[in-house]
2 protein chains.
Amino acid sequence: MNAEIVGVGTELLLGQIANTNAQTISQALAGIGVDVFFHCAVGDNLQRMTDVIRRARSRSDVVIITGGLGPTPDDITREAVAAATDRQLHRDPALEKEIRAVFERLERAMPEENLKQADLPEDAVAITPRGTAPGFYVDDRECLIIALPGVPWEMNAMLTEDVVPLLTARAGSKVILTRQVLVVGLGESHTHERIADIVEAQTNPTIAFLAGGGLVRVRITAKAASESVALGLVEPVERAVRERLGRSAVPGRGDSLAESVGNMLRDKGMTVAVAESLTGGLVGAELSAVGGSSDFFLGSVACYSTASKRDVLGVDDSILAGPGPVSEEAAGALAAGAARLFGASLGLAATGVAGPAEQDRVPVGTVYVGACLDGKTEVRLVRGYGDRTNIRAIAVTATLDLGRRLVQNEGEG
Amino acid sequence: MNAEIVGVGTELLLGQIANTNAQTISQALAGIGVDVFFHCAVGDNLQRMTDVIRRARSRSDVVIITGGLGPTPDDITREAVAAATDRQLHRDPALEKEIRAVFERLERAMPEENLKQADLPEDAVAITPRGTAPGFYVDDRECLIIALPGVPWEMNAMLTEDVVPLLTARAGSKVILTRQVLVVGLGESHTHERIADIVEAQTNPTIAFLAGGGLVRVRITAKAASESVALGLVEPVERAVRERLGRSAVPGRGDSLAESVGNMLRDKGMTVAVAESLTGGLVGAELSAVGGSSDFFLGSVACYSTASKRDVLGVDDSILAGPGPVSEEAAGALAAGAARLFGASLGLAATGVAGPAEQDRVPVGTVYVGACLDGKTEVRLVRGYGDRTNIRAIAVTATLDLGRRLVQNEGEG
């Protein structure tokens, strides 16, 4: 069974949002062994939308459409699916009732135009609205066409509670299983060089590389009839890869570096606090995005102004006036200050120049990260590159990775 | 001139990354009047990639491909473009020299396999590598095919410095101009109801709606021969829309709520500091993502643990033991504490339960936001919905919006 994901909305084509729904759906389908061969995005134009749905139907077993199910006149996915499958739209009375009930529960008056959301192509099956927009699916010849709302949380609830069970029942049970090895401190080509012979020897699992934000992801993906068979294929390869990459490979199963660091800290009963200058809160946001982060994350201070580095985190005036707020000394003092302020076992810090302009003659891309574990402090100079966003992302990775290495050494020292 | 954007990489189809390159390129093309009609994504498969490029070439004037230009064996965009345009690949000597020079500058040894990045389809023009991967473009019959690396900052440098000038020279100079009105506090359908007659009366500019993360974006888009003509079309409509939406429309030109708030603060010579519980640093990250944020953003504390709310931000034990850390009282005390700690004119705070589980019998989605301006404190209860990520996004919006309203009132009071 192979699938195609169609994102609908002129806002995608104008670049006003990224198509994160395609990503979420792809992840879910990989988990149940449905191959995704194509993503498409098309605007709120009936002719082009109908063409895209027709082509998708002709080359894919499942087509999942997101967006265009709202109440406003530019929402025309219902019409396009009807046109592409030569069906009429009709108003579904049960759905009309359901939509009215949603507004009653929210204690809000229902605008009349919302009733168009109760229109469905003939033979379509409605999917209960989570917000106010219902989804639906329809079997058209050899193809299952599914339409979901574009609002991510509404889409996601229908995906996990309705679509995945529906596809699992129809698809049989092949499994696609991916393990990621996060690599920090080697570039993409050096990572590949170290494991090139392993990559070439493999067909199942396959091994692919993804670089960005200061780290490389080595993705080992197996296809098998069951999860345990897939695991049996992936695990020996993962072990071999980790052995070759040594300290550059982040231990554990985390999908992000923050999750891996969090898992290590939780296992050791340790806690972490952060002082952030150029990252402005991103390290804390990453750590607190991990489920159960209150086990290990105590807090973070975005000390953007120089005064706050002194007043909130206790960095010495002599450091701020001498080496300056972007320096080895400041990174170390900030890390120690974060640990002290929150009473954490591990203090982390990042200070640097994200750009666009240099700052006190320190060039754009200069980043110092610091970590302080039980009173022992380490500092590192990192050269960020690219734009402001990329330099901040590199700084987040370097900060978390320095902490990771300190905690890892301690366990082994 | 119309364009199609093709993202290459199995990591897109497995959902391991979102196709943010398509978003970035779409924004850039909108700015120079090039319509984007389709996005596609396809995996590292020569046959399917060739098919997608052939179809794109047949229906679009410009095809921009991102990804698959790296040095590893799964990077096959060069081969697919050659196959789709019936060309041979040859090694470009100037490019080979350039790639060797990049590694010399980085003082790193060059893996031999990187030389395949010097291979180009016949007649193709190379685009200088920013990292290590060169891009290229080739004129094939009526279509201009452009291939850029997948790493966002490398792609973006080539896009703005090479591709945009190339397309501007070829396209003539139509302009697509979009103004956004950010709306907080009305839902999507109520926003539409208030301005439905304006929407229906328009063909140029067009008006569309985009909801998510606790706000609605009303996008007013005009097409014209020059920027000044486009502005003349957009501005009267924007004024009419703002008048209907009243206080719910965020003033100013900011692309994000953080940017709008930042601009208001800068204009009034005010500063802001934040205390963040469930948002874990996201409000600070948003504020510091705005260019020039050091003018108004002093800092933020992610006070994830209850102890840090007391010790770092000075919330009274009586509040933490009585109403609790998720309460009106705590939100107000946190906002006042943030303003005091950093010496800011405006203190903001968010505390609540992001889930997945309830906390001390407070249900998931309960969020209190607070703002304290020159000693005057306001607090609001917000009901978040959806998943953990959506609840955090709603909390960020509500926090910034409460601050926005206080600052706006003060200017008028």
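The values are calculated or read from the model by the stated rules, or taken from the named source; none is laboratory data. Note that this is a predicted model, so its numbers are computed, not measured. Reconstructed Cβ throughout: ideal geometry from the backbone, glycine too, with neighbour counts over all protein chains shown. Surface areas here come from the heavy atoms of the whole protein model, side chains and all, with no ligands, DNA or RNA. Shrake-Rupley method; radii C 1.70, N 1.55, O 1.52, S 1.80 Å.
In µm²/s, what is D for chain A at 25 °C and 0.890 mPa s, where D = kT/(6 pi eta Rh) by Stokes-Einstein and Rh is the Kirkwood radius from Cα pairs? Before the final figure, lay out each step's value.
Numbers: Rh = 24.3 Å.
Translational diffusion coefficient: 101 µm²/s.
Determine the shape class of segment A:94-166: with a ≥ b ≥ c the square roots of the Cα gyration tensor eigenvalues, call it rounded for a/c under 1.5, and otherwise prolate if a/b is greater than b/c, oblate otherwise.
Working: a/c = 2.55, a/b = 1.54, b/c = 1.66.
The shape class here is oblate.
I want the local charge near A:Gln23. Using Cβ-Cβ distances under 15 Å, sum +1 for each Lys or Arg and -1 for each Asp or Glu among the other residues. Walk me through the numbers on the way to the answer.
Working: positive: A:Arg217, A:Arg219; negative: A:Glu4, A:Asp255, B:Glu11, B:Asp387.
The answer is -2.
Counting only protein heavy atoms and using a 1.4 Å probe, what share of the accessible area of segment B:12-98 belongs to carbon plus sulfur, as a whole percent? The partial results should precede the final answer.
Working: 1450 of 3000 Å².
Carbon and sulfur atoms account for 48 percent of the accessible area of segment B:12-98.
What gaps in nm, shortest first, separate A:Arg380 from its twins in the other copies when you place the label 7 Å past Cα toward the beta carbon?
4.2
Look at the axis of the rotation that sends chain B onto chain A, then give the chain B residue with the nearest Cβ and the distance in whole Å.
Taking Cβ atoms only, the nearest residue and its distance are B:Gly281, 2.
Can you check what the Kirkwood hydrodynamic radius comes to for segment B:1-109, Cα pairs only, in Å to one decimal? If you can, show how the numbers build up before the last one.
On the way: mean 1/r = 0.0652 Å⁻¹.
Result for segment B:1-109, one decimal place: 15.3 Å.
Ignoring ligands, DNA and RNA, what percent of the accessible area of segment A:161-238 is carbon or sulfur (1.4 Å)? Show your work: numbers first, answer last.
On the way: 1670 of 3180 Å².
With neighbouring chains kept in place, the figure for segment A:161-238 is 53 percent.
If you take every DSSP beta bridge whose two residues both sit in chain B, what share of them, in percent to the nearest 5, is antiparallel? Don't skip to the answer; put the middle values down first.
Values: 44 of 71 bridges.
Restricted to chain B, the bridges split so that about 60 percent are antiparallel.
Work out the P(r) tail for segment B:88-247: percent of alpha carbon pairs separated by more than 25 Å, whole number.
Percentage above 25 Å: 55.
Using a 1.4 Å probe over the heavy atoms of the protein chains, calculate the carbon and sulfur portion of the accessible area of segment A:301-359 as a whole percent.
Numbers: 980 of 2050 Å².
Summing carbon and sulfur atoms, their accessible area is 48 percent of the total for segment A:301-359.
Just to confirm, what accessible area per residue do you get for segment A:327-376 at 1.4 Å probe, in whole Å²? Please report the intermediate quantities before stating the final value.
Values: 1880 Å² over 50 residues.
Per residue, segment A:327-376 has an accessible area of 38 Å².
How large is log10 of I(q)/I(0) for segment B:240-292 at q = 0.14, 0.15, 0.20 Å⁻¹ when the intensity is taken from the Debye formula with one equal scatterer per alpha-carbon?
The Debye formula, applied to the Cα set alone, gives -0.44, -0.50, -0.79.
Excluding B:Leu381 itself, calculate the net charge of residues whose Cβ lies under 14 Å from the Cβ of B:Leu381, where each Lys or Arg counts +1 and each Asp or Glu counts -1.
Residues close to B:Leu381 contribute a combined charge of -2.
Considering lysine pairs in the protein assembly as shown that are 8 or more places apart or on different chains, how many have Cα atoms under 17 Å apart? If you can, show how the numbers build up before the last one.
Numbers: A:Lys97/A:Lys116; A:Lys174/A:Lys223; B:Lys97/B:Lys116; B:Lys174/B:Lys223.
Value for the protein assembly as shown: 4.
Spin-label point model (7 Å from Cα, Cβ direction): what's the A:Asp317 to A:Leu106 distance in nm?
5.6
May I ask for the percentage of alpha-carbon pairs in segment B:206-268 that lie more than 15 Å from each other?
Details: 1172 of 1953 pairs.
Counting pairs separated by more than 15 Å, the tail of P(r) holds 60 percent.
Tell me the total accessible area that B and A bury against each other, 1.4 angstrom probe, in square angstrom rounded to 100. It would help to have the intermediate numbers written out before the result.
On the way: alone 18790 and 18780 Å², together 31060 Å².
The summed interface area works out to 6500 Å².
State, to one decimal in nm and shortest first, how far the label point of B:Ala101 sits from each corresponding label point in the other identical copies (label point: 7 angstrom along Cα-to-Cβ).
Shortest to longest, the spacings are 7.0 nm.
Quick check on chain A: helices-only [θ] at 222 nm, where DSSP H runs of length 4 and up contribute -39,500 (n - 2.57) each and the sum goes over total residues. Nearest 500, please. Working shown, then result.
Working: 15 runs with 170 residues, N = 413.
It lands at -12500 deg cm²/dmol.
If a/c stays under 1.5 just call it rounded; otherwise compare a/b with b/c (prolate if a/b is bigger, oblate if not). Do that for segment B:147-238, with a ≥ b ≥ c from the square roots of the Cα gyration tensor eigenvalues. Working shown, then result.
Working: a/c = 3.58, a/b = 1.55, b/c = 2.31.
Oblate, since a/c reaches 1.5 and b/c is not below a/b.
For A:Ile176, what accessible surface area do you get with a 1.4 Å probe? Give it in Å², rounded to 10.
20
Normalised by the empirical 2.2 N^0.38 Å for globular proteins, what value does the Cα Rg of segment A:230-355 take?
Values: Rg = 17.3 Å, N = 126, 2.2 N^0.38 = 13.8 Å.
The reported ratio for this selection is 1.25.
Explain nothing, just the number: relative contact order of segment B:210-265, from Cα pairs under 8 Å at least 6 residues apart, as a whole percent.
Working: 25 pairs, mean separation 9.5, N = 56.
Contact order relative to length: 17 percent.
Quick check: from the Cα gyration tensor, does the protein assembly as shown come out rounded (a/c under 1.5), prolate or oblate?
Since a/c stays below 1.5, the shape of the protein assembly as shown is classed as rounded.
In the protein assembly as shown, what % of DSSP beta bridges are antiparallel (nearest 5)?
Roughly 65 percent of the beta bridges in the protein assembly as shown run antiparallel, per DSSP.
Based on the alpha-carbon set only, what is the convex hull volume of segment B:29-81 divided per residue, in Å³?
Values: hull volume 4.4 nm³, N = 53.
Hull volume normalised by residue count: 83 Å³.
May I have the extent of the alpha carbons of segment B:329-398 along their three principal axes, as whole Å values ordered from largest to smallest?
Result, largest extent first: 35, 22, 18 Å.
For B:Glu358, place a label point 7 Å out from Cα along the Cα→Cβ vector, do the same in each other copy, and report the separations in nm, one decimal, smallest first.
Spelled out, the distances from B:Glu358's label point are 5.8 nm.
Before anything else, pin down the relative contact order of chain B: Cα pairs under 8 Å, at least 6 apart, normalised by residue count, whole percent.
10
At a 1.4 Å probe, which residues in segment A:94-108 are at least 10 Å² less accessible with all protein chains present than in their chain isolated?
Residues losing area: A:Arg108.
I want the local charge near A:Val241. Using Cβ-Cβ distances under 10 Å, sum +1 for each Lys or Arg and -1 for each Asp or Glu among the other residues. Walk me through the numbers before you get to the answer.
Numbers: positive: A:Arg179, A:Arg194, A:Arg239, A:Arg242, A:Arg244; negative: A:Glu238, A:Glu243.
Residues close to A:Val241 contribute a combined charge of +3.
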